[in-house]
Amino acid sequence: TFDGFTAQDRDRVILDGAEHEIAAENGRFHITVTATGTGLYIYYTRLQYDVTVRYLKYNTAEPVNPDRDPIATMADQDFGTVVSYTAPRTFGGYALVDTQNMTQSTVVRSNPAQNVLTFYYTELQYTAEYKIIGDTGGTLSSTIEVRNSSDGFIGSTASADPGYAFSGWYLDEAGTIPAEAKATITGAELVPKVNALEPMPTTNVFYAKFELQTTDLTITRANTADESNGDQVFVYKITDNTDPARVYYATITGSGSVVIRDLPCVEYTVEQVNSWSWRYRDAAQTVALTEARTLTFSDPAVADAWLNGNSGVVANKQN
C-alpha cells in the first residue's frame with residue numbers, strides 16, 4: 001500500500017501479460033529477466049474516506065447547531081476525487097456570510113482533517129412591528145422590536161379603550177388574515193415565532209383590531225301632569241365622560257321618551273339643559289353603558305308660575 005491506494009490483489013501479479021500466483025510461503029514472486037525484457041504489473045485501488053460539512057458561527061469554532069455537527073457526511077469517497085457541497089443561504093436563524101461561495105469543493109485526502117468543508121454563518125436579526133388597524137380603539141404595550149434569532153421576542157399586548165373590544169391579531173391591515181401562522185397568541189398577547197418570520201431588512205408587521213361596542217340609551221321624561229297643555233319641551237345633554245368633547249342632545253316633548261341609538265359603551269353624564277325648560281331642574285344622572293339602558297327623569301317643577309310677577313315696562317332704545 002501507499003498513500004491513498006492499496007494493492008488490488010496481493011496474492012497475484014501480472015507478468016508479461018500472464019497472471020501468476022505469489023508463493024504462499026513467503027509472499028514473494030521471483031522474476032527471471034529474459035533477453036527480451038520482463039514487465040511486472042501491480043494493480044492498486046483507491047482507498048475511501050469520509051468528507052464532512054460543518055456550519056460554524058462566524059469567527060469562531062463553535063457550531064451553529066451542536067446537535068447537528070457535522071451537518072453532513074459524504075461517506076466512502078474515493079481518494080483523490082473532487083467532492084462538492086452547496087450550503088443554504090440561511091440555516092436555523094443564521095445567514096451564510098460568504099454568499100458568493102455557497103458551493104465549496106475539496107480533493108479527498110487520506111488525512112481526515114483535510115476532508116472538511118466549512119461554512120461560516122452569522123446570526124440573523126428580525127424586526128417585528130405592531131400596529132392598530134385604523135389607529136384607534138386601543139393601545140399596545142410595544143410597537144416595534146428588533147431581535148437576534150437566538151433571543152426570541154417579547155411581543156405586544158393589546159388593551160382596548162373604553163367603548164371598544166379587542167377582536168384579534170392579523171397579518172394584513174384589512175384584518176382578514178389571522179396572525180396565528182407567524183405568532184403565538186394568548187388572549188390579547190402576541191409573541192412572534194422567529195422561525196416563521198422574514199429576516200432583516202424585511203419588517204414583519206402585525207395588526208391589532210379593535211371594534212367599537214355600541215348600544216342604545218332611552219331617556220324618558222315622566223310626571224309632567226302639572227303642564228296644562230302637555231307640550232313642554234325638555235332637552236337633555238349626554239356627555240361622554242371618557243371624552244368630554246363628545247356630546248349628544250336629546251329632545252322630549254311632554255311626558256315621553258327618546259332613544260339615542262348606537263352610543264359607544266362608555267360612561268355618560270345625562271343632564272337637563274335648563275334654558276329650555278326653566279321651570280324644571282332635573283338632577284343629572286350617570287350611566288355606564290354595557291347594554292341597552294333607560295334613564296327616567298320625573299322631578300316635579302320647581303317654579304309654580306310661568307312669569308315671575310315683574311311687570312315693569314321694557315322699552316326698546318336705539319343708541
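Between VAL82 and ASP67, what is 0.36 nm times their sequence separation minus the Cα-Cα distance? Round to one decimal in nm. Don't skip to the answer; put the middle values down first.
On the way: separation 15, 0.36 × 15 = 5.40 nm, distance 2.76 nm.
Length gained, VAL82 through ASP67: 2.6 nm.
Restricting things to alpha carbons, tell me how big the stretch 143-199 is in terms of Rg and Dmax, in Å.
Cα-based Rg and Dmax for the stretch 143-199 come out at 12.3, 40 Å.
Could you sort the peptides 119-132, 180-193 by per-residue average Cβ neighbour count (10 Å cutoff), highest mean leading?
Details: 119-132: 18.9, 180-193: 16.4.
Ranked by mean Cβ neighbours within 10 Å, highest first: 119-132, 180-193.
Can you pull the semi-axes for the stretch 132-270, root of five times each eigenvalue of the Cα gyration tensor, sorted largest first, whole Å? It would help to have the intermediate numbers written out before the result.
Numbers: eigenvalues 490, 28, 21 Å².
Over the Cα atoms of the stretch 132-270, the ellipsoid semi-axes are 50, 12, 10 Å.
What's the ranking of 47-59, 92-104 by average number of surrounding C-beta atoms within 10 Å, highest first?
Values: 47-59: 16.9, 92-104: 14.5.
Result, highest mean first: 47-59, 92-104.
If R₀ is 25 angstrom, what is the calculated FRET efficiency for the pair THR218 and SER159, using the beta carbon separation as r and rounding to 0.05?
Values: r = 31 Å, r/R0 = 1.22.
Here the calculated transfer efficiency is 0.25.
Let me know the Rg and Dmax you get for the stretch 131-170 when you use only its Cα atoms, in Å.
Both quantities, over Cα of the stretch 131-170: 12.2, 40 Å.
At 0.36 nm per residue, minus the direct Cα-Cα distance, what do ALA181 and THR294 gain on full extension? Give it in nm, one decimal, please. Could the numbers behind the result be given before it?
On the way: separation 113, 0.36 × 113 = 40.68 nm, distance 4.48 nm.
Once the chain is fully extended between ALA181 and THR294, it gains 36.2 nm.
Under a crude label model (7 Å from the Cα following the beta-carbon direction), how far is CYS265 from VAL247 in nanometres?
Label-label distance for CYS265 and VAL247, simple model: 2.8 nm.
Quick check on the chain: what are the equivalent-ellipsoid semi-axes from the Cα gyration tensor, as sqrt(5λ), descending, whole Å?
On the way: eigenvalues 1954, 56, 31 Å².
Listed largest to smallest, the semi-axes of the chain are 99, 17, 12 Å.
Report the Cα centroid-to-centroid distance between the stretch 132-186 and the stretch 53-115 in angstrom, as an integer.
40
Take the Cα gyration tensor of the stretch 84-173, multiply each eigenvalue by 5, square-root it, and list the three semi-axes largest first, rounded to whole angstrom.
Over the Cα atoms of the stretch 84-173, the ellipsoid semi-axes are 48, 11, 9 Å.
Near LYS57, which lysines are there with a Cα under 25 Å away, not counting those fewer than 8 places off in the same chain?
Once the sequence-local lysines are set aside, what remains near LYS57 is LYS193.
State the Kirkwood hydrodynamic radius of the stretch 245-304 in Å, one decimal place, computed from all pairs of distinct Cα atoms.
13.0
Quick one: if the Förster radius is 51 Å, what FRET efficiency do GLU198 and SER275 give, using the C-beta to C-beta distance and rounding to 0.05?
It comes out at approximately 0.25.
Within the chain, what whole-number % of the accessible surface is contributed by carbon and sulfur, with the 1.4 Å probe and all protein chains included in the calculation? Don't jump to the answer; show the numbers that get you there.
Numbers: 8910 of 19110 Å².
Taking all protein chains in place, the chain shows 47 percent carbon and sulfur surface.
Could you derive backbone 3J(HN,Hα) for the stretch 240-246 from the dihedral phi with the Karplus parameters 6.51, -1.76 and 1.60 (θ = phi - 60°), listing whole Hz in sequence and x where the residue is Gly or Pro?
Along the stretch 240-246, the couplings run 6, 6, 7, 8, x, 6, 8 Hz.
The values are calculated or read from the model by the stated rules, or taken from the named source; none is laboratory data. Keep in mind that what you see is a predicted model, and the values were worked out from it rather than measured. Note that we place each Cβ from the backbone using ideal geometry, even for glycine, and neighbour counts take in every protein chain shown. The accessibility values were calculated without ligands, DNA or RNA, using every heavy atom of the protein model including side chains. Shrake-Rupley method; radii C 1.70, N 1.55, O 1.52, S 1.80 Å.
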